[in-house]
Amino acid sequence: MSKRIDFKETDLKGLYRVVHKPIGDERGFLNRLFCANEFKEVGFVDQIAQINYTFTKKKGTIRGMHFQNSPKMEIKIVTCLKGYVLDIALDLRKDSDTFLQWHAEELSEKSQSGLYIPRGFAHGFQTLTENCQLLYFHSEYYSPDNEDALNALDPKLGIVWPLEVTEMSIRDKNHPMQIGNFEGLSVK
């Protein structure tokens, strides 16, 4: 089998840029978004429990910074199918050398790349164009009892959003500016 996915390390341990290598001709292309054998290279040996798809209409919209607490911490693999987004992963692992540091990747339909987000990270993005579509692979089922988030606009996080914020859900706006009290996540 030919290798159709490459993994590029980021400055946050365990977080990888996922580079897809589509096969194409005059008809179009085939792009392998997931292969269990290839994702073993970065330590993903879990099952895919859930696949989600988001559509965001308006440029400048922020979604995030979402995560699930133990025992339902999840790995996410995120790919942009249409449009252009700034995707952010924030390290919440309390024993990590990069605790509360964030990494940004520009994802787009043209870049043919994604982000592998390990357990213990929060995730969010801002749309840089209209009509963005993202596909998420999750290692855990959604668990309302374990869901959590930090406010994406909390100045203590220091996330630099490139555009003026045009839209956020009421839920995301109302997440407390709590990073001062946040102790981090214990990841097994």
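Among (1) surrounded by fewer than 17 Cβ atoms within 10 Å (Cβ to Cβ); (2) of a type outside the set (Val, Ile, Thr); (3) within 30 Å of GLU183 (Cβ to Cβ); (4) in contact with a strand residue (DSSP E or B) (Cβ under 7 Å, 6 or more places away or on another chain), where does LYS76 come up short?
(1)
Residues being assigned to a loop (DSSP other than H, G, I, E, B) and either buried (at least 21 other Cβ atoms within 10 Å of the Cβ) or free of Cβ contacts under 8 Å to residues at least 12 places away in the same chain (or both): count how many of those fall in region 120-138.
The total comes to 1.
Could you say whether any residue in region 147-155 is over 22 Å from LEU100 (Cα atoms) and free of Cβ contacts under 8 Å to residues at least 40 places away in the same chain?
No; the residues of region 147-155 include none that is over 22 Å from LEU100 (Cα atoms) and free of Cβ contacts under 8 Å to residues at least 40 places away in the same chain.
Looking at region 23-36, is at least one residue more than 14 Å from the chain's Cα centre (by Cα), at pLDDT 95 or above, surrounded by 15 or more Cβ atoms within 10 Å (Cβ to Cβ) and not hydroxyl-bearing (Ser, Thr, Tyr)?
no
Considering only residues that are farther than 14 Å from ILE117 by Cα and among the acidic types (Asp, Glu), which ones fall in region 1-40?
ASP6, ASP25, GLU26, GLU38
So which residues in region 1-16 are in a loop (DSSP other than H, G, I, E, B) and within 22 Å of GLU105 (Cβ to Cβ)?
Within region 1-16, LYS3, ARG4, THR10, ASP11, LEU12, LYS13, GLY14, LEU15 meet the criteria.
If you go through region 28-36 one residue at a time, do you hit one that is more than 14 Å from THR79 (Cα to Cα) and not hydrophobic (A, V, I, L, M, F, W, C)?
yes
Looking at (1) modelled with pLDDT of 95 or more; (2) of a type outside the set (Lys, Arg); (3) surrounded by fewer than 18 Cβ atoms within 10 Å (Cβ to Cβ); (4) under 30 Å from THR166 (Cα atoms), can you tell me which one LEU15 breaks?
(3)
Could you list, in sequence order, the residues of region 157-177 that are without any contact (Cβ under 8 Å) to a residue 40 or more places away in the chain, charged (D, E, K, R) and surrounded by 13 or more Cβ atoms within 10 Å (Cβ to Cβ)?
Residue satisfying the conditions is LYS173 alone.
The values are calculated or read from the model by the stated rules, or taken from the named source; none is laboratory data. From a predicted model like this one, the values you see are computed outputs, not experimental measurements. Virtual Cβ from ideal backbone geometry, glycine too; neighbours counted across all protein chains shown.
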